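Worksheet: the structure to be examined is printed underneath.
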Amino acid sequence: MTFQRHACLLSALLFSTPLAGVAQHSLPSVALPSHGITISVAVDSKAGQPVASLSEKDFTILDNKTPRPITSFKVVTAPAEPVHVILLLDAVNMPYEALAYARQGIEKYLKSNEGTLAYPTTLAILTDHGVQISNGFST
(Lines give C-alpha, C1' and ligand atoms only; values in the text may rest on other atoms or scores of the structure.)
Protein backbone atom coordinates (compact mmCIF):
# COMPACT_ATOMS: atom_id res chain seq x y z
CA MET A 1 0.00 0.00 0.00
CA THR A 2 1.46 3.39 -0.93
CA PHE A 3 2.24 6.17 1.49
CA GLN A 4 -0.61 8.33 0.13
CA ARG A 5 -3.11 5.56 0.82
CA HIS A 6 -1.73 5.10 4.33
CA ALA A 7 -2.01 8.83 4.95
CA CYS A 8 -5.59 8.89 3.62
CA LEU A 9 -6.59 5.89 5.73
CA LEU A 10 -4.98 7.37 8.81
CA SER A 11 -6.59 10.77 8.22
CA ALA A 12 -9.97 9.14 7.74
CA LEU A 13 -9.48 7.14 10.93
CA LEU A 14 -8.37 10.15 12.97
CA PHE A 15 -11.11 12.45 11.80
CA SER A 16 -14.07 10.11 11.21
CA THR A 17 -15.29 9.99 14.80
CA PRO A 18 -15.52 13.75 15.46
CA LEU A 19 -17.17 14.30 12.08
CA ALA A 20 -19.81 11.61 12.69
CA GLY A 21 -21.64 13.94 15.08
CA VAL A 22 -21.42 16.80 12.59
CA ALA A 23 -23.02 14.71 9.84
CA GLN A 24 -26.20 14.36 11.91
CA HIS A 25 -26.86 18.10 11.81
CA SER A 26 -27.35 20.26 8.75
CA LEU A 27 -24.39 22.54 8.21
CA PRO A 28 -24.82 26.24 7.47
CA SER A 29 -23.75 27.44 4.05
CA VAL A 30 -20.29 28.93 4.01
CA ALA A 31 -19.09 31.59 1.60
CA LEU A 32 -15.88 30.66 -0.18
CA PRO A 33 -12.88 32.86 0.50
CA SER A 34 -12.09 35.31 -2.26
CA HIS A 35 -8.62 33.81 -2.71
CA GLY A 36 -10.08 30.39 -3.57
CA ILE A 37 -9.35 26.91 -2.30
CA THR A 38 -6.13 24.96 -2.73
CA ILE A 39 -6.45 21.26 -3.49
CA SER A 40 -3.36 19.06 -3.54
CA VAL A 41 -3.68 15.83 -5.54
CA ALA A 42 -1.39 12.78 -5.69
CA VAL A 43 -2.06 10.31 -8.50
CA ASP A 44 -0.70 6.77 -8.48
CA SER A 45 -0.91 4.10 -11.17
CA LYS A 46 -2.45 0.71 -10.38
CA ALA A 47 1.10 -0.49 -9.68
CA GLY A 48 1.47 2.25 -7.04
CA GLN A 49 3.90 4.41 -9.03
CA PRO A 50 3.39 8.21 -9.21
CA VAL A 51 1.85 9.49 -12.44
CA ALA A 52 3.61 12.70 -13.48
CA SER A 53 2.39 13.07 -17.06
CA LEU A 54 -0.92 14.74 -16.15
CA SER A 55 -1.96 18.25 -17.11
CA GLU A 56 -4.68 20.67 -16.07
CA LYS A 57 -6.93 19.22 -18.79
CA ASP A 58 -6.93 15.86 -17.00
CA PHE A 59 -8.81 17.31 -13.99
CA THR A 60 -12.33 18.65 -13.46
CA ILE A 61 -13.42 20.58 -10.38
CA LEU A 62 -17.13 20.24 -9.52
CA ASP A 63 -19.06 22.31 -7.00
CA ASN A 64 -22.51 20.79 -6.43
CA LYS A 65 -22.15 19.04 -9.81
CA THR A 66 -21.31 22.37 -11.49
CA PRO A 67 -17.91 22.62 -13.22
CA ARG A 68 -15.62 25.32 -11.83
CA PRO A 69 -12.50 26.73 -13.51
CA ILE A 70 -9.03 25.77 -12.34
CA THR A 71 -7.30 29.09 -11.72
CA SER A 72 -3.83 27.72 -11.00
CA PHE A 73 -2.15 24.40 -11.76
CA LYS A 74 1.34 23.23 -10.83
CA VAL A 75 2.93 19.80 -11.23
CA VAL A 76 5.28 19.01 -8.36
CA THR A 77 7.70 16.12 -8.48
CA ALA A 78 9.05 14.37 -5.42
CA PRO A 79 12.53 15.93 -5.58
CA ALA A 80 11.03 19.43 -5.99
CA GLU A 81 9.11 19.44 -2.72
CA PRO A 82 10.47 18.01 0.54
CA VAL A 83 8.00 15.81 2.38
CA HIS A 84 7.74 15.61 6.15
CA VAL A 85 4.88 13.73 7.78
CA ILE A 86 3.29 14.65 11.10
CA LEU A 87 0.88 12.07 12.50
CA LEU A 88 -1.53 13.92 14.80
CA LEU A 89 -3.50 11.85 17.29
CA ASP A 90 -6.42 13.71 18.85
CA ALA A 91 -6.65 12.29 22.38
CA VAL A 92 -9.09 15.00 23.51
CA ASN A 93 -12.02 14.78 21.09
CA MET A 94 -12.01 11.03 20.44
CA PRO A 95 -13.86 8.36 22.38
CA TYR A 96 -11.51 5.97 24.20
CA GLU A 97 -12.34 3.02 21.90
CA ALA A 98 -11.57 5.05 18.77
CA LEU A 99 -8.35 6.32 20.33
CA ALA A 100 -7.19 2.76 21.05
CA TYR A 101 -8.04 1.75 17.47
CA ALA A 102 -6.17 4.77 16.09
CA ARG A 103 -3.10 3.93 18.17
CA GLN A 104 -3.13 0.38 16.81
CA GLY A 105 -3.37 1.77 13.27
CA ILE A 106 -0.46 4.14 13.83
CA GLU A 107 1.63 1.32 15.31
CA LYS A 108 0.84 -0.90 12.31
CA TYR A 109 1.76 1.93 9.91
CA LEU A 110 5.05 2.66 11.68
CA LYS A 111 6.01 -1.04 11.66
CA SER A 112 5.07 -1.58 8.01
CA ASN A 113 7.87 -1.94 5.47
CA GLU A 114 10.04 -3.47 8.21
CA GLY A 115 9.87 -0.24 10.21
CA THR A 116 11.39 1.90 7.46
CA LEU A 117 9.29 4.94 6.56
CA ALA A 118 9.26 6.50 3.11
CA TYR A 119 9.38 10.04 4.52
CA PRO A 120 10.67 11.64 7.72
CA THR A 121 7.82 11.26 10.22
CA THR A 122 7.05 12.54 13.71
CA LEU A 123 4.17 11.92 16.08
CA ALA A 124 2.10 14.65 17.71
CA ILE A 125 -0.56 13.99 20.34
CA LEU A 126 -3.25 16.51 21.27
CA THR A 127 -3.99 16.21 25.01
CA ASP A 128 -5.70 18.39 27.60
CA HIS A 129 -2.32 20.07 28.07
CA GLY A 130 -1.88 20.99 24.39
CA VAL A 131 0.00 19.37 21.54
CA GLN A 132 2.96 17.23 22.50
CA ILE A 133 5.34 16.62 19.60
CA SER A 134 8.01 13.93 19.66
CA ASN A 135 11.59 15.11 19.22
CA GLY A 136 12.38 15.55 15.55
CA PHE A 137 11.59 13.53 12.47
CA SER A 138 12.65 9.93 11.92
CA THR A 139 12.47 7.42 9.09
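The values are calculated or read from the model by the stated rules, or taken from the named source; none is laboratory data. In this text, all values refer to a predicted model and were calculated from it rather than measured experimentally. Cβ sites come from the backbone with ideal geometry, for glycine too, and all protein chains shown count toward neighbours. Heads up: the accessible areas ignore ligands, DNA and RNA and are worked out on the full protein's heavy atoms, side chains in. Shrake-Rupley method; radii C 1.70, N 1.55, O 1.52, S 1.80 Å.
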Expected field for residue 61, accessible surface area in Å² at 1.4 Å probe radius, rounded to 10, holds 60 Å²
Dipole of the range 29-139, positive end: most advanced residue of 136, 93, 43 [Cβ charges, Cα centre]: 43
Under a cut-off of 29 Å between alpha-carbon atoms, report the lysines in cross-link reach of residue 108, not counting same-chain residues fewer than 8 places apart. 46
When all protein chains stay in place, what accessible area (Å², nearest 10, 1.4 Å probe) is found for residue 53? 110 Å²
Simple spin-label model, 7 Å along Cα-to-Cβ: residue 113 to residue 63 in nm? 3.7 nm
